[in-house]
Structures are given as C-alpha cells and as structure tokens.
Amino acid sequence: MTPHLRRCAGFVALVALFTLNGVLPLHAQPMMDLRLAAGVPLPAPELPAGSVSVRVVRETFANNLPGQTVVFVVDGAERDSVTTDDTGRAQIDGLAPGSRVQARVEVDGEALETQETVVSGDGGVRFVLAAGLGAAPSAPAPTVPAVPGTVSFGANSRIVLDYANELLNVYYVIEVLNQSPSPVDLGGPLVIDLPVEAQSATMLDGATPQATAEGARVTVRGPFAPGVTPVNVAFTLPFSGDTARLEQTWPAEAAPFTVFALKTGDMDLSLPQLVVKQQTEREGQPLVAGSTQAMPAGTALRLDVTGLPHRPTWPRNLAFVLAAAIAAAGFWAAFGPGARLRTA
C-alpha cells in the first residue's frame with residue numbers, strides 16, 4: 001500500500017473511530033462499524049515521535065480491557081511486551097524513524113493483530129484492537145429481482161477535511177441507502193460528480209466494488225441491495241490564499257449528516273447549510289464539526305474551509321510582474337523605434 005493510500009485508509013478508520021467515540025451527538029444515528037477502525041494505524045501528532053500506542057477493547061469503546069499483554073513486533077522481531085493500563089492502553093516509545101512495527105494481543109484465546117506500519121519522524125501512531133467482533137459483515141447478495149426505485153444518502157454519511165503537506169485532502173464516507181426490502185434498479189448507475197477542481201480521486205478501503213472513480217466522477221453501478229452500500233472516496237482540493245471552497249451537488253436526496261475538519265492552526269468551517277457547529281477534541285485531535293440540513297436531490301452543498309495555512313502570494317505575483325516587464329523590455333528593444341533606426 002502506498003503512503004497516500006495508507007493515509008486514506010487511516011482516515012476512513014479515523015472517521016469510524018470518532019463516530020464510535022461520540023464526537024458529534026447531533027443526530028440519533030446508527031454507529032459505524034468498529035471493524036473499520038480495528039488494527040488500522042492512525043496518525044497521533046500529540047504523541048512523541050517514535051511512540052506507538054495500542055488500545056484494547058471488547059466489542060465497544062465502553063469496554064476497555066486492562067491487564068492484557070500486548071506484544072510489539074519491530075522490524076520482524078518481538079521487542080517489547082507491555083500490559084494494558086486501566087484505560088486499556090499499552091505504549092512503547094523511542095522507535096527510530098523507518099522502523100516497521102506491528103502489535104499483537106490474545107484476548108480469551110482470540111488472537112488480534114494490527115496492520116504493520118512504518119514509524120515516521122512526525123508524531124506517533126495509535127491503534128485500536130477490539131475483541132469479540134467476529135468477521136466483517138458483507139453486503140447481502142440480492143436474492144430477488146431488482147425493481148425500479150430510488151436511493152438516498154444516509155444520515156451516517158460523513159465528509160472529512162484534513163490539511164497536510166500543503167494540500168487539502170477531502171474524504172467522503174457515504175452511505176447509499178436503499179430502504180426498500182428488494183434490490184433497486186435506478187435505470188442506470190448512480191453518478192456523483194465531485195467538485196470540478198477535485199484531483200487524484202481514489203476509492204478507499206471499505207467501499208463497495210460497485211463504485212469506481214475516474215477523474216472527478218464517481219460511478220456506482222446498480223442494482224442496490226437493501227440497506228447500505230458504502231461509497232468511500234478521497235481527493236485533494238486545490239486552493240489559493242487561506243480559503244478553499246468545496247461545492248458538491250448530490251444526485252439523490254441526502255439526510256442531515258456531519259462535516260468535520262481535522263483542525264490545523266486557525267482552520268474553520270463556513271457553511272450556510274450548517275445547523276450546528278462545534279469545536280471539540282478526540283484522541284488528542286482537535287476538530288471543527290457541523291451538521292448539515294437535509295438536501296433534496298440536485299442541491300449543492302457549499303462549504304468554505306477558512307484559516308488554511310498558506311504561503312504569501314506576493315512573491316509569486318511580483319515574479320510574474322518582473323518577468324512580464326523583462327519580456328516587454330526585450331520586445332521593445334528588438335522591435336521598437338530604436339531597433340528600426342539602427343536597421344535603417
């Protein structure tokens with residue numbers, strides 16, 4: 001997995017983690033599956049560089065498991081065994097950048113392990129391991145013929161915004177909801193046209209194989225099974241100055257859902273359709289979050305992300321002006337009256 005896709009996968013897990021921890025009790029919504037977050041490395045800038053923390057729970061975050069022995073495997077060899085504290089956490093520190101690390105624990109005979117990740121020099125890494133979850137659920141296969149119908153975007157959908165490496169990364173974690181008891185045929189695919197400025201659109205782990213991303217368009221093929229079809233996609237949104245504008249038109253009715261930004265510096269959200277906005281923190285990560293209104297099909301969600309870190313534009317503008325002046329002076333010297341007089 002490339003670093004970009006690893007980061008994308010981590011943010012899908014991060015969305016699940018924040019949802020399960022109750023970051024935004026803005027709606028009475030079903031929780032996202034903890035299996036999306038279990039074992040996935042999550043960036044933890046609040047931890048010292050070279051630190052890896054593992055939290056062990058049973059089934060939900062309400063059931064921490066103290067007294068469990070977590071084995072940390074570094075560069076393929078078992079290095080440390082740490083017992084979880086009262087909060088279910090075990091941590092090691094001082095790993096060198098570039099080290100490969102993985103954690104394992106056995107809970108009542110159930111073997112759990114994290115993905116392997118590479119330690120960076122920018123902050124630490126967090127994992128969560130959950131016992132008693134069983135295998136991840138799979139989408140039910142249609143057992144009856146599809147019927148004409150409609151779908152909507154469910155209330156457990158999310159938009160996540162994150163500024164990193166001078167880029168604004170946007171993550172859509174969308175639930176396409178079929179509330180009928182039968183598979184639904186829309187008469188064609190569900191097409192989600194991302195903002196025209198969107199770049200590097202990528203489908204994320206956990207997305208339905210029915211969905212593909214090409215350019216700034218996500219296409220979800222039918223039919224849609226009863227219940228939820230997950231569509232998880234990431235892209236970057238170019239911006240200049242300290243503000244980025246995201247404008248997304250929904251091709252189907254959208255229930256009220258949550259938008260949140262992983263706050264960097266003075267980042268904030270400005271959105272006419274926001275019903276509630278709040279600032280909070282979870283797992284050491286400051287957040288700005290808000291809830292949208294319900295939106296009929298064809299409605300555009302318009303969102304400004306303000307306070308983004310940015311480089312001043314005047315040096316670039318000055319360079320353009322100087323370049324234009326030099327070019328004009330060269331043109332005048334080559335074709336102006338003086339040049340014609342010399343030629344004569």
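The values are calculated or read from the model by the stated rules, or taken from the named source; none is laboratory data. Values in this document were obtained by computation on a predicted structure and should not be read as measured data. Quick reminder, even Gly has a Cβ in these numbers, built from the backbone with ideal geometry, and neighbours come from all protein chains shown.
A few notes on this one:
- Residue that is nearest to residue 220 (Cα to Cα), among those in segment 233-247 that are within 16 Å of the chain's Cα centre (by Cα) and of a type in the set (A, V, I, L, M, F, W, C): 233
- Of the residues examined, residue 219 is one that is assigned to a strand (DSSP E or B), among the β-branched types (Val, Ile, Thr) and within 22 Å of residue 147 (Cβ to Cβ).
- Exclusive hit being more than 28 Å from residue 272 (Cα to Cα) and polar (S, T, N, Q), set 150, 208: 208
- Scan of segment 103-122 for residues that are of a type in the set (D, E, K, R), more than 24 Å from the chain's Cα centre (by Cα) and within 16 Å of residue 92 (Cβ to Cβ), ordered by number: 104
- Any chance residue 202 is hydroxyl-bearing (Ser, Thr, Tyr), touching a helix residue (DSSP H, G or I) at 6+ places or on another chain (Cβ under 8 Å) and either part of a strand (DSSP E or B) or at positive phi (or both): yes
- Search result, residues across segment 247-279 that are surrounded by fewer than 18 Cβ atoms within 10 Å (Cβ to Cβ) and closer than 17 Å to residue 42 by Cβ: 264
- Subset tally (residues that are within 16 Å of the chain's Cα centre (by Cα) and either closer than 18 Å to residue 80 by Cβ or at pLDDT 85 or above (or both)) for segment 16-43: 1
- Number of the condition not met by residue 166 [criteria: (1) within 21 Å of residue 209 (Cα to Cα); (2) modelled with pLDDT under 90]: (1)
- Segment 142-187 - residue that is small (Gly, Ala, Ser) and out of contact with any strand residue (DSSP E or B) (no Cβ under 6 Å at 6 or more places or on another chain) and, of those, surrounded by the fewest Cβ atoms within 10 Å (Cβ to Cβ): 187
- Extreme residue, surrounded by the fewest Cβ atoms within 10 Å (Cβ to Cβ), among residues of segment 52-88 that are touching a Lys or Arg at 6+ places or on another chain (Cβ under 9 Å) and small (Gly, Ala, Ser): 76
- Residues that are within 19 Å of the chain's Cα centre (by Cα), under 17 Å from residue 159 (Cβ atoms) and not hydrophobic (A, V, I, L, M, F, W, C) do occur in segment 205-214.
- Annotation: of all residues in segment 89-100 being modelled with pLDDT under 95 and of a type in the set (A, V, I, L, M, F, W, C), the one that is surrounded by the most Cβ atoms within 10 Å (Cβ to Cβ) is 95.
Rundown of residues vs (1) modelled with pLDDT under 90; (2) not aromatic (Phe, Trp, Tyr), yes/no style:
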position: 46; (1), (2): yes, yes
position: 61; (1), (2): yes, no
position: 64; (1), (2): no, yes
position: 67; (1), (2): no, yes
position: 71; (1), (2): no, yes
position: 74; (1), (2): no, yes
position: 85; (1), (2): no, yes
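- Some residue of segment 193-209 being free of Cβ contacts under 8 Å to residues at least 12 places away in the same chain and either surrounded by fewer than 16 Cβ atoms within 10 Å (Cβ to Cβ) or touching a His at 6+ places or on another chain (Cβ under 7 Å) (or both): yes
- Strands (runs of 3 or more DSSP E) enclosed by segment 59-177 - at least 1 residues per element that are outside the structural domain of residue 228 (by TED's automatic domain parsing): 60-64, 69-74, 77-83, 89-92, 100-107, 110-113, 124-131
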